[in-house]
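Trainee: Right, I'll just put the structure down here and ask away after.
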């Protein structure tokens with residue numbers, strides 16, 4: 001049985017991560033429900049260090065590009081109806097990076113969304129010590145990508161923390177005007193970027209049912225997954241959600257069509273076995289590669305020599321009984 | 001309030017001299033536009049005018065393909081001396097009759113005198129302003145091209161997809177294939193340019209080096225040498241072998257798609273004239289052909305890409321000369 005380990009389900013969708021969700025939709029398209037979804041919060045088990053990853057017998061495959069090529073290569077074994085469409089390579093990458101940036105911006109960068117939606121939905125799924133630092137580590141890992149796209153750390157609609165609001169109102173009135181102007185300007189820039197990207201996809205889709213004509217493909221799955229994650233979750237700060245829902249009805253209906261086709265039937269899911277938290281504390285053990293073996297040997301040789309030297313020094317000097 | 005007596009005598013032992021301002025223009029007059037780029041790999045021959053950095057080479061190709069010629073190249077400026085710390089920059093003679101979108105319009109500006117402390121006779125442009133400068137120089141308005149020089153709107157949209165393919169897959173493969181410098185080299189070499197790192201390109205981003213769930217914080221070794229800190233390989237993320245394999249496979253797919261799309265066309269996407277996409281493709285192909293064997297052989301297998309790169313290289317080289 002094929003097991004697909006993904007980030008947990010939220011907001012009526014089988015996974016909260018765009019890469020995982022596009023893979024789930026694609027797998028539903030090529031074979032219905034002969035695989036099991038495993039909701040996991042431990043990306044360290046994966047060979048690439050990130051979810052999603054696929055497990056079949058002894059094979060563990062990650063990241064998602066390798067999973068797709070593994071499924072295509074073993075299509076006969078798994079009885080899949082796969083038609084690979086090589087001409088979509090540039091569009092796939094464009095969708096993953098640009099639409100992915102927009103989704104990550106909504107989920108992880110806007111403070112209101114992070115504090116009130118994403119963080120509370122994921123934090124209780126982690127075991128006790130991890131829930132205090134892992135969500136922030138996740139957020140930091142997306143930071144450099146969003147920074148290079150210019151989509152990081154926007155001022156949001158509401159203040160970040162409401163705890164000390166009683167002390168603040170006096171100072172707020174002076175800072176507010178300039179800040180408000182900056183906020184609106186920055187948000188307009190993000191909207192502009194989003195409009196450019198979404199315009200391209202709505203032009204590409206046109207009036208067709210799917211991007212490739214009659215049959216849905218991996219590109220449809222990817223775009224639909226991102227649009228679903230932009231339109232469905234109940235965002236406190238609906239910056240891009242409003243844009244998508246009001247200005248791009250064709251993309252939203254395409255996403256809904258794919259949802260009805262694939263995700264409306266429930267997929268067998270189970271939760272990953274919770275590891276004893278002590279096991280997940282040390283860094284993940286890497287499978288030994290060729291260059292690593294040499295490194296490990298040299299490391300052990302050095303430690304052995306060092307300990308041997310210390311032992312020789314200790315035992316070589318004669319033990320002098322302290323005088324009474 | 002006067003300086004008290006004893007303090008005055010103390011200060012008289014350390015007099016202050018004011019020297020007249022230097023002539024900032026220097027000895028050489030700027031007769032043709034000069035582009036400041038990273039040096040090429042083999043700096044010896046007088047033929048080597050193309051930079052080894054993808055970003056700089058992209059702008060060099062853009063200038064040459066748009067028809068600007070007789071540009072001088074300068075390799076001795078470090079990235080830290082450029083605007084925003086990023087090369088390439090273009091040093092052009094100042095033209096008071098033209099107002100760019102970024103220059104303040106002073107209609108009553110006096111004639112520029114080049115003897116003062118600030119040299120007003122030339123201008124230094126950073127990369128985003130180069131496009132406008134070329135438009136002005138060639139007396140060409142951006143509104144003349146209906147789809148930015150592409151065949152139609154569909155081609156223009158597709159060009160965006162190809163740009164993200166190049167800047168994603170191909171760039172990631174280029175970064176991974178570069179051999180990591182030895183400890184001695186990384187101490188002695190000048191600080192390398194802050195090009196896009198792997199963690200901003202890969203989807204999903206690579207995990208921190210100690211994993212997401214472990215109690216240990218992620219570590220990163222940044223070596224602080226006398227020449228500045230080296231951040232050539234930010235090691236606080238873990239790039240596993242599975243990720244490297246996937247990057248390489250995606251790179252092979254990308255080069256296959258690129259080669260199929262080019263076919264026997266003169267310019268990409270069937271455009272009649274060279275476009276910015278052509279400049280970007282040339283920059284990446286040229287850098288790949290000078291990299292390690294693993295990624296170079298994918299391109300050398302595709303004859304049409306090699307021939308195209310050779311032809312465009314001739315065109316680009318013809319526009320530049322060394323100082």
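The values are calculated or read from the model by the stated rules, or taken from the named source; none is laboratory data. Treat the numbers as computed from the prediction; the structure is a model and nothing was measured. Ideal geometry is used to build each Cβ from the backbone, glycine not excepted, and the neighbour counts take in all protein chains shown.
Trainee: Please go through (1) modelled with pLDDT of 85 or more; (2) under 19 Å from residue A:15 (Cα atoms); (3) within 9 Å of chain B (Cβ to nearest Cβ) for residue A:62 and return the number of the only condition it doesn't satisfy.
Mentor: Of (1) modelled with pLDDT of 85 or more; (2) under 19 Å from residue A:15 (Cα atoms); (3) within 9 Å of chain B (Cβ to nearest Cβ), only one is false for residue A:62: (1).
Trainee: So if I check each of A:29, A:117, A:80, which one is surrounded by fewer than 23 Cβ atoms within 10 Å (Cβ to Cβ), away from every other protein chain (no Cβ under 14 Å), over 21 Å from the mean Cα position of the chain (by Cα) and under 29 Å from residue A:195 (Cα atoms)?
Mentor: A:29
Trainee: Then there's this: Quickly run through region A:83-103 and pick out the residues that are more than 7 Å from chain B (Cβ to nearest Cβ), within 13 Å of residue A:229 (Cβ to Cβ) and touching a helix residue (DSSP H, G or I) at 6+ places or on another chain (Cβ under 6 Å).
Mentor: The answer is A:95, A:99, A:102, A:103.
Trainee: What number goes with the only condition from (1) modelled with pLDDT of 85 or more; (2) within 13 Å of chain B (Cβ to nearest Cβ) that residue A:4 does not pass?
Mentor: (2)
Trainee: So, in region B:233-287, how many residues would count as being assigned to a helix (DSSP H, G or I), buried (at least 19 other Cβ atoms within 10 Å of the Cβ), within 11 Å of chain A (Cβ to nearest Cβ) and free of Cβ contacts under 8 Å to residues at least 60 places away in the same chain?
Mentor: Residues meeting the conditions: 3.
Trainee: Further question: List the helices (runs of 4 or more DSSP H) that sit entirely inside region B:149-199 and contain at least 3 residues that are at pLDDT 75 or above.
Mentor: So the answer is B:153-165, B:171-177.
Trainee: Would you mention how many residues in region A:7-23 are over 11 Å from the mean Cα position of the chain (by Cα) and surrounded by fewer than 24 Cβ atoms within 10 Å (Cβ to Cβ)?
Mentor: Residues flagged as over 11 Å from the mean Cα position of the chain (by Cα) and surrounded by fewer than 24 Cβ atoms within 10 Å (Cβ to Cβ) within region A:7-23 amount to 6.
Trainee: Right, another one. Answer yes if at least one residue in region A:48-58 is free of Cβ contacts under 8 Å to residues at least 24 places away in the same chain and within 12 Å of chain B (Cβ to nearest Cβ), and no otherwise.
Mentor: yes
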